[in-house]
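Everything on this sheet refers to the single structure shown next.
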Amino acid sequence: MSEHDYIPKSKAGKWFNDRLPLLSLASHLTDYPTPKNLNYWWTFGGILTFCLLTQIITGIVLAMHYVAHADLAFASVEHIMRNVNYGWLIRYIHSNGASMFFLAVYIHIFRSLFYGSYKSPREVIWIIGLLIYLLMMAAAFMGYVLPWGQMSFWGATVITNLFSAIPLVGESITTWLWGAYSVDNPTLNRFFSLHYLLPFLILGLVVLHIWALHVPGNNNPVGIDIKKPSKDTVPFHPYITIKDAFALLMFMIIFAGFVFFAPNVLGHSDNYIQANPMVTPAHIVPEWYLLPFYAILRSVPDKLGGVILMFGAIFILFVLPWLDTSKVRSAVFRPVYKQFYWIFVIDVLMLGYMGAMPAEGIYLVLARVGTIYYFLHFIVILPVVGLLEKTDPIPVSIAEPVLSGGAEPSLAKKDNGKI
Amino acid sequence: MDKPEKKTNRRDFLFTASYTVGAVGVGAIIWPLIDQMNPDKAQQALATTEVDVSQVEPGKSITVLWRGKPVFLKRRTNEEIAEARSVALNDLPDPQKDEDRVKDGKDEWLVMLGVCTHLGCVPLSDKGDYNGWFCPCHGSHYDVSGRIRKGPAPKNMEIPKYEFVNSNIIKIG
């Protein structure tokens, strides 16, 4: 099963494998023992890999036609849309691909939160995943600046100005980021350079993410440690590859739906107006996937405080494995945590909605309540629930669930007769 | 070879010296890589702008671009000046007298960066609760002197360096 005893059949294969064990690696990936009860929430790793490759391939093509200059960028994007063969298709795949990427990553993250995949011994997988998420946000933000529309320009202005909240050195840092005294041509140029770089850094982190995953192996819906290989596992290929492929097809249908039928529904019409440093659009909103954090930023009536809380909302996730005190991974066996989990999901969705609304009146009040609850969930609820909660009985293996009552019926069904 | 300890010390010195030279070398090459991102000479060359304000009527304002940022030049009416000066300093989050925000003897001219001190949007004129400016991005209200009154912005709108070349021309920068 493991790569240690793998010997290629052909003589040439053996010769090569002795010098560079790529075939051993391929064998490890094919035979990799995977829990047999993985549900469709586990298919998003594969979907995310697809999203990353889609962005890299379409991005390289777009860079062949795009011009990173404040006077030419806007026109060059229109040139791609109107003149370049299939330019409209490639650009719409790239711009909607960013949204699809974030849709998939949020499902992936919330799956991890539900099934406790961030807990020991998978903390490093979780942290690398968060680093990928941070780089994704940076790449998406800089990519959004490149068309040099009104939202590009003012989004860049607002986000780079976040750094001016840092005491003493904030203004210098902002000027340094701009390469000018406002968002200007030098800013656009460097954003293009970094936007091209970041996906390859993400790709490197993805390799580490998967490597770290292959050390303890996958978590699973019941969240228990399993023997590998055993009757609880199946080989990755063909069992998981075929399931991943089916899920990917479903995902691509939704993706194609956006690309062909509603390519601009997730964008903002103001970005079809060329950047104008004299006029701020009446209502600035970031892309949908950043809205919850934007709501947190605006809910604080203090510049530095808002910036600290916004970044804090992301960085608190890095210590999540140590804030959650429960030894039980899966929420399936955590009746109390399960309820708080769903409240938290609703809280984040609500914050996202508030981020899209004007920061006044009832929206502001709700955004503040949502922000307080967001932090309460991590700082108070998770540690306390983990200590006080009476969890349900946990099965000893996937094949042999607990006798009665505790586990989900679907888990207890199959081998009931035997027990 | 009968003094191994002394030999170790000698090696320690070499290690420390190597690390130090290495660190200086790394620093020397990293700084140019960092500093290249600061505004270049072409950006710095755009440091001044001259504006002819002879056509601006009292109560009106014009906006010009300076270093990529809008600058508001507002010719205030006597009522507006009186309003700005009647505000108690205690009511201001960033206390500053209106007199300190204009040039002596040119009280009607308010010249300031049209940039919200919160996150850099351009505030709208003649809007907001204080007869001055209102930033649509995150709801900061400024008064007729460009001072922050309400909202998340921490400071008054900045007064750039400027001078009157003659009674009609203002040189910014």
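The values are calculated or read from the model by the stated rules, or taken from the named source; none is laboratory data. Note that the structure is predicted; figures quoted are calculated from it, not measured. Glycine gets a Cβ as well: all are built from the backbone with ideal geometry, and neighbour counts include every protein chain shown. The area values use the complete protein model at the heavy-atom level, side chains included, leaving out ligands, DNA and RNA. Shrake-Rupley method; radii C 1.70, N 1.55, O 1.52, S 1.80 Å.
When the residues of region A:346-378 are narrowed to those that are of a type in the set (A, V, I, L, M, F, W, C), touching a residue at least 12 places away in the same chain (Cβ under 8 Å) and under 14 Å from A:G306 (Cα atoms), which ends up least open to solvent (accessible area, probe 1.4 Å)?
In this case the residue turns out to be A:A367.
State all residues of region B:138-170 that are farther than 15 Å from B:L110 by Cβ, within 11 Å of chain A (Cβ to nearest Cβ) and not charged (D, E, K, R); if no residue qualifies, say none.
Across region B:138-170, the qualifying residues are B:H138, B:G139, B:S140, B:G151, B:P152, B:A153, B:P154.
Exactly one condition in (1) under 21 Å from A:I47 (Cβ atoms); (2) within 14 Å of chain B (Cβ to nearest Cβ) is not met by A:T174; state its number.
All conditions are met except number (1).
Every residue, every condition in (1) surrounded by fewer than 20 Cβ atoms within 10 Å (Cβ to Cβ); (2) facing another protein chain (nearest Cβ under 8 Å), yes or no:
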residue: B:I81; (1), (2): yes, no
residue: B:S86; (1), (2): yes, no
residue: B:D91; (1), (2): yes, no
residue: B:D94; (1), (2): yes, no
residue: B:D104; (1), (2): yes, no
residue: B:H118; (1), (2): no, yes
residue: B:K127; (1), (2): yes, no
residue: B:G132; (1), (2): no, no
residue: B:P136; (1), (2): yes, yes
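Can you name every residue in region A:180-200 that is part of a helix (DSSP H, G or I), within 11 Å of chain B (Cβ to nearest Cβ) and open to solvent by less than 30 Å² (accessible area, probe 1.4 Å)?
Of everything in region A:180-200, those that are part of a helix (DSSP H, G or I), within 11 Å of chain B (Cβ to nearest Cβ) and open to solvent by less than 30 Å² (accessible area, probe 1.4 Å) turn out to be A:P186, A:T187.
Considering only region A:226-233, I want to know if a residue exists there that is surrounded by 18 or more Cβ atoms within 10 Å (Cβ to Cβ) and in contact with an Asp or Glu (Cβ under 6 Å, 6 or more places away or on another chain). So that I can check it myself, show each step before the final result.
As a first pass, look at region A:226-233 and keep what is surrounded by 18 or more Cβ atoms within 10 Å (Cβ to Cβ): A:226, A:232-233.
Then drop every residue that is not in contact with an Asp or Glu (Cβ under 6 Å, 6 or more places away or on another chain), which leaves A:226.
Checked against the condition, which is being surrounded by 18 or more Cβ atoms within 10 Å (Cβ to Cβ) and in contact with an Asp or Glu (Cβ under 6 Å, 6 or more places away or on another chain), region A:226-233 yields at least one hit.
Taking the options A:S117, A:S152, A:S164, name whichever one is buried (at least 19 other Cβ atoms within 10 Å of the Cβ), touching a Ser or Thr at 6+ places or on another chain (Cβ under 8 Å) and either under 30 Å from A:D71 (Cα atoms) or away from chain B (no Cβ under 14 Å) (or both).
Numbers: A:S117 fails: touching a Ser or Thr at 6+ places or on another chain (Cβ under 8 Å); A:S152 fails: touching a Ser or Thr at 6+ places or on another chain (Cβ under 8 Å).
Exactly one of A:S117, A:S152, A:S164 is buried (at least 19 other Cβ atoms within 10 Å of the Cβ), touching a Ser or Thr at 6+ places or on another chain (Cβ under 8 Å) and either under 30 Å from A:D71 (Cα atoms) or away from chain B (no Cβ under 14 Å) (or both), namely A:S164.
Just for region A:267-281: of the residues that are open to solvent by 50 Å² or more (accessible area, probe 1.4 Å) and either under 19 Å from A:S76 (Cα atoms) or under 20 Å from the mean Cα position of the chain (by Cα) (or both), which one is farthest from the other protein chains (Cβ to nearest Cβ)? Break it down into steps so the answer makes sense when it comes.
The first filter runs over region A:267-281 and keeps only residues open to solvent by 50 Å² or more (accessible area, probe 1.4 Å), leaving A:268-269, A:272-274, A:276, A:278-279.
Then drop every residue that is not either under 19 Å from A:S76 (Cα atoms) or under 20 Å from the mean Cα position of the chain (by Cα) (or both), which leaves A:268-269, A:272-274, A:276.
Details: A:H268: 14, A:S269: 16, A:Y272: 19, A:I273: 15, A:Q274: 15, A:N276: 9 Å.
The selected residue is A:Y272.
Can you work out which of the residues in region A:48-86 that are open to solvent by less than 30 Å² (accessible area, probe 1.4 Å) and free of Cβ contacts under 8 Å to residues at least 60 places away in the same chain is farthest from A:G129 (Cα to Cα)?
A:V84
Could you go through region B:74-95 and let me know if any residue there is at positive phi and of a type outside the set (S, T, N, Q). Break it down into steps so the answer makes sense when it comes.
Of all residues in region B:74-95, those at positive phi come to none.
Looking through region B:74-95, none of the residues is at positive phi and of a type outside the set (S, T, N, Q).
Given the conditions (1) open to solvent by 30 Å² or more (accessible area, probe 1.4 Å); (2) part of a helix (DSSP H, G or I); (3) touching a residue at least 24 places away in the same chain (Cβ under 8 Å); (4) not hydrophobic (A, V, I, L, M, F, W, C), which single one is not true for A:N96?
(1)
May I ask you to verify whether A:V307 is within 14 Å of another protein chain (Cβ to nearest Cβ) and either assigned to a helix (DSSP H, G or I) or surrounded by 21 or more Cβ atoms within 10 Å (Cβ to Cβ) (or both)? Before the answer, list the steps.
Details: within 14 Å of another protein chain (Cβ to nearest Cβ): yes; either assigned to a helix (DSSP H, G or I) or surrounded by 21 or more Cβ atoms within 10 Å (Cβ to Cβ) (or both): yes.
When the stated conditions are applied, A:V307 passes them.
Scan region B:152-173 for residues that are crowded, with 21+ Cβ neighbours inside 10 Å and either in a loop (DSSP other than H, G, I, E, B) or within 12 Å of the chain's Cα centre (by Cα) (or both) and jot them down.
B:P152, B:A153, B:N156, B:M157
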